[in-house]
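Colleague: I'd like to ask some things about the structure below.
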Amino acid sequence: MDPKQIKGVPEQKSGGFHDTETYVTFTKELLPLKYEILKTRFFSVNKWKSYCGEAFAAFKLYAPNGSPTEREPQKGDFIRINIPGPGEIEAKGYDWVEIIDICYYEDLHSESIAMTCRPSQNPTDTSRHIAHFYSSKATSTFMIQRDSVYLKAAVYGRNESPNLNAGFIDILRNVMVAIGGMMGIAKIQWRQLTNGFLDFD
């Protein structure tokens with residue numbers, strides 16, 4: 001199966017990929033209200049774990065200067081990820097991504113928001129080491145969309161390969177986690193997020 005060609009999602013060139021999507025239909029009257037709730041959830045990065053349960057990763061938004069923040073995410077911000085299991089030793093146990101793009105699309109029948117992240121260094125110290133189990137070529141694009149009858153929440157992974165630019169122990173950890181992710185474990189985790197975004201009960 002080939003990766004979907006989605007506006008706002010980087011091109012797949014090498015490595016692993018995934019398309020994780022959840023759709024929920026609503027009546028025309030409820031759709032605008034539910035989309036406003038969805039947008040609030042989407043931009044509340046620090047609360048993502050609360051939509052997915054305790055077994056899910058914890059996310060924390062950081063400003064470009066390396067300080068934690070509670071505002072909506074912006075291009076140039078960083079997200080600290082605490083995934084279940086051991087983290088990178090060099091990154092003090094966390095994985096980090098930088099928000100490299102936030103795009104808004106709208107036409108007569110639909111609108112969407114896409115936020116693309118790339119593995120990055122830890123902004124709270126001076127190391128240039130990529131603090132993530134994937135290499136810096138990988139991207140994750142988080143997307144929400146409103147159509148005429150449904151809402152969609154999605155995560156699109158592209159160009160996923162292990163981060164081998166690390167110490168020996170971290171290389172072993174990165175390879176194990178990356179291979180697991182490329183074999184579908186990551187998609188199961190991201191499905192929890194996309195389902196959680198759209199769970200209004």
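The values are calculated or read from the model by the stated rules, or taken from the named source; none is laboratory data. This structure is a prediction, so every number in the text was calculated from the model and none was measured. Heads up, the Cβs are rebuilt from the backbone with ideal geometry, glycines too, and the neighbour counts pull from every protein chain shown. What goes into the accessible areas is simple: the full protein's heavy atoms, side chains included, and nothing from ligands, DNA or RNA. Shrake-Rupley method; radii C 1.70, N 1.55, O 1.52, S 1.80 Å.
Colleague: From the list LEU38, LEU61, pick out the single residue that is farther than 18 Å from ALA153 by Cα, among the hydrophobic types (A, V, I, L, M, F, W, C) and surrounded by 19 or more Cβ atoms within 10 Å (Cβ to Cβ). Steps first, answer last, please.
Modeller: Working: LEU38 fails: farther than 18 Å from ALA153 by Cα.
The unique qualifying residue is LEU61.
Colleague: Of everything in the range 22-71, what is in a loop (DSSP other than H, G, I, E, B), out of contact with any helix residue (DSSP H, G or I) (no Cβ under 9 Å at 6 or more places or on another chain) and of a type in the set (Val, Ile, Thr)? Give them in sequence order.
Modeller: Listed by number, the list holds a single entry, THR27.
Colleague: Further question on the same structure: Here are some residues: THR124, THR40. Which one is over 14 Å from the mean Cα position of the chain (by Cα) and modelled with pLDDT under 95? So that I can check it myself, show each step before the final result.
Modeller: On the way: THR40 fails: modelled with pLDDT under 95.
Only one candidate qualifies: THR124.
Colleague: Of these, ILE130, ILE100, which one is at pLDDT 80 or above, over 14 Å from the mean Cα position of the chain (by Cα), open to solvent by 30 Å² or more (accessible area, probe 1.4 Å) and hydrophobic (A, V, I, L, M, F, W, C)?
Modeller: Being at pLDDT 80 or above, over 14 Å from the mean Cα position of the chain (by Cα), open to solvent by 30 Å² or more (accessible area, probe 1.4 Å) and hydrophobic (A, V, I, L, M, F, W, C) holds for just one of ILE130, ILE100, which is ILE130.
Colleague: If ALA55 meets every condition in (1) at pLDDT 95 or above; (2) under 17 Å from GLY196 (Cβ atoms) apart from one, which number is that one?
Modeller: The number of the failed condition is (1).
Colleague: Do we find that THR194 is at pLDDT 90 or above, part of a helix (DSSP H, G or I) and either in contact with a Cys (Cβ under 8 Å, 6 or more places away or on another chain) or at negative phi (or both) in this structure?
Modeller: For THR194, the condition - at pLDDT 90 or above, part of a helix (DSSP H, G or I) and either in contact with a Cys (Cβ under 8 Å, 6 or more places away or on another chain) or at negative phi (or both) - is met.
Colleague: Also: Please give the number of the condition GLY157 fails out of (1) in contact (Cβ under 8 Å) with a residue 60 or more places away in the chain; (2) open to solvent by less than 20 Å² (accessible area, probe 1.4 Å); (3) in a loop (DSSP other than H, G, I, E, B).
Modeller: Only one criterion in (1) in contact (Cβ under 8 Å) with a residue 60 or more places away in the chain; (2) open to solvent by less than 20 Å² (accessible area, probe 1.4 Å); (3) in a loop (DSSP other than H, G, I, E, B) is unmet by GLY157, namely (3).
Colleague: Let me ask something else about it. Under the condition of being touching a residue at least 24 places away in the same chain (Cβ under 8 Å) and over 11 Å from LEU193 (Cα atoms), which residue from the range 19-31 is most open to solvent (accessible area, probe 1.4 Å)?
Modeller: LYS28
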